[in-house]
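First up is the structure itself, then whatever we jot down about it.
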Amino acid sequence: ITGPYSAAFVMILSLQTANTAGHMKGVVTNAVLFLGCCTGNTAGPFFYKGSQSPRYQLGIWSMIVNHLLEVDVILALRVLLSQENKKRDRMQGVGEGESVEAWVEREREADRIAFSDMTDRENLNFRYIY
């Protein structure tokens, strides 16, 4: 049961890193993720009751439900990030009817602000990865 946990945790860390722009926002997001991990690791052992030995039904089912909720949250995140990317594309006029001049100008603007300390919400050129 714990085998997929490591892979999912690394995926969540990479999603968080790739989808957060701005130094302060990245630091706060890392701290919140770390606090969530610590809370889960602290609370987890309390689901394993000695009276349920050797099967530990509550502990096993809490892990299964948690993993299923994790999948649901990741799928919901994918939908939300995809919608945000499409919204940003519409706002900037990105599409098949875009002229070469408009594309060049948009790329110049993206290059100009690429390394500014703007958050992903402030930088309309930022695209989320999912």
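Within the chain, the whole DSSP H helices whose Cα atoms reach 18 Å or more along their own axis and whose mean Kyte-Doolittle score is at least 0.0 are 3-18, 23-43, 57-92. Counting only protein heavy atoms and a 1.4 Å probe, the chain has 73 square angstrom of accessible area per residue.
With the helix formula -39500 (n - 2.57) applied to DSSP H stretches of n ≥ 4, the chain reaches a computed 222 nm mean residue ellipticity of -23500 deg cm²/dmol. ASP117 exposes around 110 Å² of accessible area when a 1.4 Å probe is run over every protein chain in place.
A Förster radius of 25 Å, combined with the Cβ-Cβ distance separating LEU58 from LYS86, puts the computed FRET efficiency at roughly 0.05.
For the set VAL65, VAL104, solvent exposure ranked by accessible area (probe 1.4 Å, protein chains only) runs largest to smallest as VAL65, VAL104. In this structure SER53 has an accessible area near 60 Å², from a 1.4 Å probe over the protein heavy atoms.
Simple point charges give the picture: +1 on the Cβ of Lys and Arg, -1 on the Cβ of Asp and Glu, and for the chain a dipole about the Cα centre of about 640 debye.
Of the options (i) 214; (ii) 109; (iii) 141, only one is volume of the Cα convex hull per residue in Å³ as computed from these coordinates, and that is (ii). I'd like the carbon and sulfur percentage of the solvent accessible area for the chain, probe radius 1.4 Å, heavy atoms only, ligands and nucleic acids excluded. On the chain, the fraction of accessible area on carbon and sulfur atoms equals 66 percent. Computed with every protein chain present, the accessible area of TRP61 is close to 150 Å² [probe 1.4 Å].
The values are calculated or read from the model by the stated rules, or taken from the named source; none is laboratory data. Please read these numbers as outputs of a predicted model, since none were measured by experiment. Positions of Cβ are backbone-derived with ideal geometry, glycine not excepted, and every protein chain shown enters the neighbour counts. Surface areas here come from the heavy atoms of the whole protein model, side chains and all, with no ligands, DNA or RNA. Shrake-Rupley method; radii C 1.70, N 1.55, O 1.52, S 1.80 Å.
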